[in-house]
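*Asks:* Provided herewith is a single structure, encoded as structure tokens, for subsequent inquiry.
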Amino acid sequence: MLENLALSTTMRIAMLVLIFLFVVVAVMLATNYLLSRSAVRGRLEELAPGSAAGGDRASLRRDKLAVGWAKLTDRIERAGISLVDTQGDKLRAKLIAAGYTSPNAPKLFTLARLVTLFLLPGLLLLATLLGGSDVSPIKLYIFGVLLALIGLYLPNLIITAKADRRREEIINGFPDCLDLMLVCVEAGLGMEAAFDRVGREMLHSHPLLAELLSTVTLELRAGASREQALRKMADRSQVDEIKSFATLLIQSDKLGSSVGDTLRVYANEMREKRRLRAEEKAHRLPVLISIPLVTCMLPVMIGVLMLPAIIRVIRQIAPALSGG
């Protein structure tokens with residue numbers, strides 16, 4: 001009996017299917033068990049008193065990485081290659097606007113430009129040599145120069161795009177930040193406590209603004225004056241709205257006016273500006289839609305409307321031209 005079952009093709013396939021299903025179910029149960037244990041462990045680590053150790057480890061890794069890049073730039077400069085840009089202040093402001101606040105960021109940016117400047121033409125030359133294709137030296141020179149120009153300006157484009165995206169995120173979340181700050185000030189909190197509270201509340205919704213506010217709070221606790229901390233925040237953000245906000249708070253502090261009234265007026269203005277930006281984007285949509293409409297749909301519509309008339313004209317004119 002068992003020998004007949006073993007020799008049957010259907011039974012063997014059924015046994016293989018059962019084994020496969022058993023293995024799949026076992027793997028799924030084990031995976032769910034391990035995931036549940038890891039989730040519970042993560043919650044316990046968050047609730048533990050020393051839960052900030054993970055952030056400390058991350059900051060230590062970032063510090064080690066920054067030290068490594070600093071050593072690399074120092075070695076390159078000791079080798080005789082200068083990484084100092086002629087427009088150091090403008091480059092520094094651009095990198096800060098993109099979120100790179102490290103002192104070695106300008107040197108690393110110059111190093112990246114040098115690497116891409118020689119890397120892209122080198123890849124073209126390597127591909128030409130390994131491919132065995134016969135390319136004239138003039139074409140190779142022209143394409144090499146074009147790739148070198150792309151490598152020279154590509155880091156600038158990336159930094160500019162990242163700075164614009166970061167600036168847009170800060171501007172979009174700034175009215176919500178002002179509303180929360182107004183609520184905190186009207187509830188009786190001081191400016192430092194309001195910055196700290198709003199920074200912790202906006203950690204997940206607007207992390208860039210939370211980072212700016214947390215940095216201001218740390219500077220105020222370290223002993224910096226309110227004016228210095230606010231001006232440094234404006235310099236780090238490179239956003240006109242943040243600069244105006246810092247100037248407004250500094251003037252209110254010097255003149256002794258109500259901070260709550262100042263925040264209320266400025267919050268209303270920021271909300272109005274955000275609404276106007278949304279309306280501007282909405283009004284731009286018809287113009288943007290007309291471009292693919294004209295380039296893609298209009299020729300098709302003209303062809304559909306004109307094709308029957310063209311066919312009819314050809315059918316009538318062709319026999320007359322042939323003498324029929």
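The values are calculated or read from the model by the stated rules, or taken from the named source; none is laboratory data. Since the structure is predicted, the reported quantities are computational estimates derived from the model, not experimental observations. All Cβ positions, glycine included, derive from the backbone under ideal geometry; neighbour counts span all protein chains shown.
*Asks:* Quick check: is even one residue across the range 237-245 farther than 14 Å from Ile171 by Cα and either polar (S, T, N, Q) or surrounded by fewer than 20 Cβ atoms within 10 Å (Cβ to Cβ) (or both)?
*Replies:* Taking the range 237-245 as the starting set, the residues that turn out to be farther than 14 Å from Ile171 by Cα are none.
The answer is no; no qualifying residue exists.
*Asks:* When you check Leu218 against the structure, is it over 16 Å from Leu249 (Cβ atoms), hydrophobic (A, V, I, L, M, F, W, C) and surrounded by fewer than 15 Cβ atoms within 10 Å (Cβ to Cβ), yes or no?
*Replies:* Values: over 16 Å from Leu249 (Cβ atoms): yes; hydrophobic (A, V, I, L, M, F, W, C): yes; surrounded by fewer than 15 Cβ atoms within 10 Å (Cβ to Cβ): yes.
Yes: the conditions hold for Leu218.
*Asks:* Could you pull out the residue among Ser205, Ser257 that is touching an Asp or Glu at 6+ places or on another chain (Cβ under 9 Å), modelled with pLDDT under 85, of a type outside the set (D, E, K, R) and not in a helix (DSSP H, G or I)?
*Replies:* Details: Ser257 fails: touching an Asp or Glu at 6+ places or on another chain (Cβ under 9 Å).
That would be Ser205, the only listed residue that is touching an Asp or Glu at 6+ places or on another chain (Cβ under 9 Å), modelled with pLDDT under 85, of a type outside the set (D, E, K, R) and not in a helix (DSSP H, G or I).
*Asks:* Looking at Ser102, Ser133 in this structure, which one is at pLDDT below 85, within 30 Å of Val216 (Cα to Cα), not assigned by TED's automatic domain parsing to the domain that holds Arg264 and not in a helix (DSSP H, G or I)? Give the derivation first.
*Replies:* Details: Ser133 fails: within 30 Å of Val216 (Cα to Cα).
None of the others qualify; the one that does is Ser102.
*Asks:* Among the residues that make up the range 260-281, is at least one of them in the same structural domain as Ala194 (by TED's automatic domain parsing), assigned to a loop (DSSP other than H, G, I, E, B) and over 19 Å from Asp176 (Cβ atoms)?
*Replies:* There is no residue in the range 260-281 that is in the same structural domain as Ala194 (by TED's automatic domain parsing), assigned to a loop (DSSP other than H, G, I, E, B) and over 19 Å from Asp176 (Cβ atoms).
*Asks:* Can you go through Leu180, Leu189, Leu213 and tell me which one is under 24 Å from Ser258 (Cβ atoms), without any contact (Cβ under 8 Å) to a residue 40 or more places away in the chain and not in a helix (DSSP H, G or I)?
*Replies:* Values: Leu180 fails: not in a helix (DSSP H, G or I); Leu213 fails: not in a helix (DSSP H, G or I).
Just one listed residue meets the conditions, Leu189.
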